[in-house]
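The values are calculated or read from the model by the stated rules, or taken from the named source; none is laboratory data. All values derive from a computational prediction rather than experimental measurement. Cβ atoms come from the backbone with ideal geometry, glycine included; neighbour counts cover every protein chain shown. SASA here: full protein model, heavy atoms, side chains in, ligands and nucleic acids out. Shrake-Rupley method; radii C 1.70, N 1.55, O 1.52, S 1.80 Å.
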Amino acid sequence: MTDKLTSTASKVAQVTLAFWIMKILATTLGETAGDFISMTLNLGYYVGFGVTFAILIALLVAQIRFDRYHPALFWAAIIATTTAGTEVSDMMDRSFGLGYATGSLILVAGLAVTLAIWYWRDRDLSVYPIRRKDAETFYWIAIVFSNSLGTAFGDWLTDNAGLSYVQGALVTAAVIGVVVALHYGTRISHVLLFWIAFIFTRPFGATFGDLLTKPLDHGGFNLPRGTASLITLALLAGVLVVSEYLSRRKDDRNDPGTLERLEARAGE
């Protein structure tokens, strides 16, 4: 009998190039949607935090309860974590007055503790495949901390270090480039590199959100936050549809039953 905390199939997305493209788009959407909720709707950081976390909890409960990977639900949960990360970063800085540097240290500690407990329980931090629901819970907690940390670091680059949005994007892109080089050129743990990349794709995507919505005199395109969110959502949905289509075609080609059916048709 299968344990109630396990699943026969992976519950999370496979880490591919399409995964990282969608992750960056999700972070851009999280930035614009988070600002839309707290600023455009004028809900404030506390109410915005409550709204985004209520949505996040609902999506994560649904995600973890399912026994298989559902692309739309998984990426909706990722978007929710990036939106919540925006609210957490802003609230720690502007409501609690901690500053982005101190906030980042707190979030680093939270991420480290989460990964340590996960490893202590499972002796494994693999991010794909994940079949056990308790392991997936730690996966999502680590993602929330990672996205919040990435937000705080990106805000520190532009607000405290004085970099422009483009310069901030270049810095984070350079870090991501180093991670890619280490992934293919060294034996450094791929799990460690995954979490570093996951953290730094957050500010990388967020800078594009700022670029879309900030005023022209601040180097942005001055798009309404709602419009920028819809554009980014459409791009993300497009990449998801194409990637799932290509994945299914690949699975069909690798399925022996598909080959047998094609051969049977050819012989008719």
Worksheet item: Exactly one of (1) modelled with pLDDT under 90; (2) within 19 Å of the chain's Cα centre (by Cα) is unmet by TYR128. Its number?
Response: (1)
Fill in: Residues located in region 10-42, provided they are open to solvent by 10 Å² or more (accessible area, probe 1.4 Å), in a loop (DSSP other than H, G, I, E, B) and closer than 28 Å to LYS133 by Cα
SER10, GLN14, VAL15, THR16
Worksheet item: Which condition number does PRO215 fail, the rest of (1) surrounded by 13 or more Cβ atoms within 10 Å (Cβ to Cβ); (2) over 30 Å from TYR119 (Cα atoms) being met?
Response: (1)
Worksheet item: Scanning region 176-212 for residues that are among the polar types (S, T, N, Q) and farther than 14 Å from ASN147 by Cα, which turns out surrounded by the most Cβ atoms within 10 Å (Cβ to Cβ)?
Response: SER189
Practice prompt. Go through region 20-59 residue by residue and tally those that are in contact with a Lys or Arg (Cβ under 6 Å, 6 or more places away or on another chain) and over 20 Å from THR201 (Cβ atoms).
Written response: 2
Response to the item:
Given (1) more than 15 Å from the chain's Cα centre (by Cα); (2) within 25 Å of ASN42 (Cβ to Cβ); (3) touching a residue at least 12 places away in the same chain (Cβ under 8 Å); (4) not in a loop (DSSP other than H, G, I, E, B), LEU230 misses just (3)
Worksheet item: So which residues in region 218-229 are surrounded by fewer than 23 Cβ atoms within 10 Å (Cβ to Cβ), in contact with a Ser or Thr (Cβ under 7 Å, 6 or more places away or on another chain) and farther than 22 Å from LEU170 by Cβ?
Response: ARG225, GLY226
Practice prompt. Could you tell me which numbered condition ASN42 fails, if it satisfies all but one of (1) farther than 26 Å from THR172 by Cα; (2) of a type outside the set (Gly, Ala, Ser); (3) under 17 Å from the mean Cα position of the chain (by Cα)?
Written response: (3)
Worksheet item: Which one of the conditions (1) among the aliphatic types (A, V, I, L, M); (2) touching a residue at least 24 places away in the same chain (Cβ under 8 Å); (3) open to solvent by less than 40 Å² (accessible area, probe 1.4 Å) does ALA72 fail to meet, given that it meets all the rest?
Response: (3)
Worksheet, complete the sentence: Pairing a residue in region 145-168 that is over 23 Å from ILE78 (Cα atoms) with any residue that is aromatic (Phe, Trp, Tyr), where Cβ atoms lie under 7 Å and the two sit 6 or more apart in sequence or on different chains, gives THR158/TYR165; ASP159/TYR100; ASN160/TYR100
Fill in: Residue, farthest from LEU105 (Cα to Cα), within region 157-172, restricted to residues that are modelled with pLDDT of 85 or more and open to solvent by 40 Å² or more (accessible area, probe 1.4 Å)
LEU170
Discussion item. Of everything in region 184-195, what is more than 19 Å from the chain's Cα centre (by Cα) and in a helix (DSSP H, G or I)? Give them in sequence order.
Written reply: TYR184, GLY185
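Matching residues to (1) of a type in the set (A, V, I, L, M, F, W, C); (2) closer than 27 Å to VAL239 by Cβ:
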site	(1), (2)
ALA58	yes, yes
GLY85	no, yes
MET91	yes, no
SER104	no, no
LEU115	yes, no
TRP118	yes, no
Discussion item. Quick check on ASP134: is it part of a helix (DSSP H, G or I), within 26 Å of TRP118 (Cα to Cα), over 17 Å from the mean Cα position of the chain (by Cα) and of a type in the set (D, E, K, R)?
Written reply: yes
Discussion item. Being under 15 Å from ILE64 (Cα atoms) and open to solvent by less than 10 Å² (accessible area, probe 1.4 Å) is the filter here; which residues of region 136-152 pass it?
Written reply: GLU136, TYR139, TRP140, ALA142, ILE143
Practice prompt. Go through region 89-114 and count every residue that is within 17 Å of VAL47 (Cα to Cα) and surrounded by fewer than 24 Cβ atoms within 10 Å (Cβ to Cβ).
Written response: 7
